[in-house]
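These notes are about the structure you will find just below.
The values are calculated or read from the model by the stated rules, or taken from the named source; none is laboratory data. Small disclaimer: the values here were computed from a predicted structure and weren't measured. Neighbour counts run over all protein chains shown; Cβ positions are idealised from the backbone, glycine included.
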Amino acid sequence: MPLTYIEISQFVFELPISDTVFQVRVNFERDVQKREALWERQHELAADKVYAMCADLGGFFLKIAQILGKPDLAPAAWVRRLVTLCDQAPATPFQTVKLILENELGQGIDDVFDRFDMEPLGSASIAQVHKARLRGDKSDVVVKVQHPGVQDLMMTDLRNLQAFALYMQKTDIKFDLYSVTKEMEKQIGYEFDFKREAAAMECIRKFLYQNNRRAPVLVPRVIRDMVTRRVLVMEFIDGIPIMNLGDEIAKRGINPRGRAAAAAKQKILQSLTLAYGQMILKSGFFHADPHPGNILICKGSEVGLLDYGQVKDLPEPLRLGYANLVLAIADGDQLRAAKSYRELGIETISNCENEQQELFRLATTMFDTKLPPGVTMLQPFSEESSIKKIGVQSFPEELFSVLRTVHLLRGLSVGLGINYSCAEQWRPIAEEALFQAGRLQGKDVKPRPKQRRSWRRLFSRG
């Protein structure tokens, strides 16, 4: 059943209230270790509650779990619990999967596949994937099958969330949440068309392979004539989910704080950052869902990027406007950041002192991965947050996918223990994009250190 507006309201307000009551109680405990243990237990209880709700309701609320379960936004107990919903959501029974496959492909499953694993490799909010082998072939493939009935459920949930967003943005959260939910509705609606996803996958694969001597990430190859709106067959990429990287390092007897582990993590994040910088700033057409369930770590620390259901094609003015904002953030240029806001169509209102400084802080919070010194978790709605000081009256729907992508990259970087600025790493790509558009002269391009040395320096800072 879809969640109602009232149930959403109860859920959003219940957790903060229970935390406030608990905080009063825990303050009476003087022993620091006992107090921390009490908080950890409270976080575990809250995480179980969120997990149970998201798992029971399914659909869109599995995506909510992906958003909440990020190490830069949530306590460790939440991340440990919610990250499992990225690819371990309730699965559709095999007999139903078999019927869908045979209806969509127009053939019996045994006529198409030499082998088909009944147990899925993983199950997410919209579909699940099975490992198989086509008849007469020697290579394994992945078969993605859409859950039946999930589209109506998810879109109803989104419409209820939009009503709630309209209410929330009238409170002290002065942010255009409704535009964000409208873009979510559009993007998630696209995910139900696997033909569109296959075309996007082929487009991004071609772009990355043509623009690099070696593609920074592996993109699965689509199996021709094996795609319908509800079924997608693609190349199998062998690897482990990035969320299991720590366990894999321990299993191999590698020191998780040693040089080998550090180099592997650095290479993983560098590959993802380069791929996304090129996609967003150079092409404008990008994979917009880099949550942990969509990232595989392959042999030699290569990165496989999966699931192209959510992609975004940025209009040219927004692509170049964002390139301007990247340069402003990388250079610490507050005036240029303010101008970039206007160019992007982000309308703000503020009565606070140092408005330009707060605007820049808001820009880095929204569009960069770097956390301030000593900060491991963002508190976006605290009284000191720029979101509370700067009202965002209008936020272009198309930019939400960029915002979400940057935040997912930040969550990955925190999880890997690397605090870095994607804006600094993307500066040369942003300069190239603006130069090619005739908006930047050669004399304005700033000299920069070699990328490898730059990454080593950033990584050593932690």
Next item on the list: Tally the residues that are of a type in the set (Gly, Ala, Ser), closer than 28 Å to TYR190 by Cβ and more than 16 Å from the chain's Cα centre (by Cα), restricting the search to the stretch 247-295.
Entry: 2
Item checked: Among (1) closer than 26 Å to LEU416 by Cα; (2) under 22 Å from the mean Cα position of the chain (by Cα); (3) modelled with pLDDT under 85 - the single one GLY374 does not satisfy -> (2)
Notebook entry, point to check: Of all residues in the stretch 187-246, which are assigned to a helix (DSSP H, G or I), over 20 Å from the mean Cα position of the chain (by Cα) and under 21 Å from SER139 (Cβ atoms)?
Noted result: GLU202, LYS206, TYR209
Check: Is there a residue being among the acidic types (Asp, Glu), surrounded by fewer than 21 Cβ atoms within 10 Å (Cβ to Cβ) and under 28 Å from GLU102 (Cβ atoms) anywhere in the stretch 239-251?
Finding: no
Notebook entry, point to check: What tally of residues in the stretch 250-295 results from selecting those that are outside any helix (DSSP H, G or I) and either in contact with a Gly (Cβ under 6 Å, 6 or more places away or on another chain) or of a type in the set (Val, Ile, Thr) (or both)?
Noted result: 2
Next item on the list: Find all pairs meeting these conditions: Cβ atoms under 6 angstrom apart; at least six residues apart or on different chains; first residue within the stretch 308-321 and of a type in the set (A, V, I, L, M, F, W, C); second residue outside any helix (DSSP H, G or I).
Entry: VAL311/HIS287; VAL311/ALA288; LEU314/GLY284; LEU320/ALA437
Item checked: All positions within the stretch 387-431 that are more than 23 Å from GLU358 (Cα to Cα) and in a loop (DSSP other than H, G, I, E, B) -> GLY417, ILE418
Notebook entry, point to check: Among the residues of the stretch 435-462 satisfying the criterion of being outside any loop (DSSP other than H, G, I, E, B) and touching an Asp or Glu at 6+ places or on another chain (Cβ under 9 Å), which is modelled with the highest pLDDT?
Noted result: PHE435
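Quick grid of which residues meet (1) closer than 28 Å to ILE237 by Cα; (2) modelled with pLDDT under 80:
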position: VAL129; (1), (2): yes, no
position: ARG135; (1), (2): yes, no
position: VAL142; (1), (2): yes, no
position: GLN146; (1), (2): yes, no
position: LYS170; (1), (2): no, yes
position: GLN187; (1), (2): yes, yes
Next item on the list: Can you tell me which residue within the stretch 319-374, out of those that are in a loop (DSSP other than H, G, I, E, B) and touching a helix residue (DSSP H, G or I) at 6+ places or on another chain (Cβ under 6 Å), is surrounded by the fewest Cβ atoms within 10 Å (Cβ to Cβ)?
Entry: CYS352
Check: Residues of the stretch 377-407 being within 19 Å of GLN270 (Cβ to Cβ) and at pLDDT below 85, which ones?
Finding: none
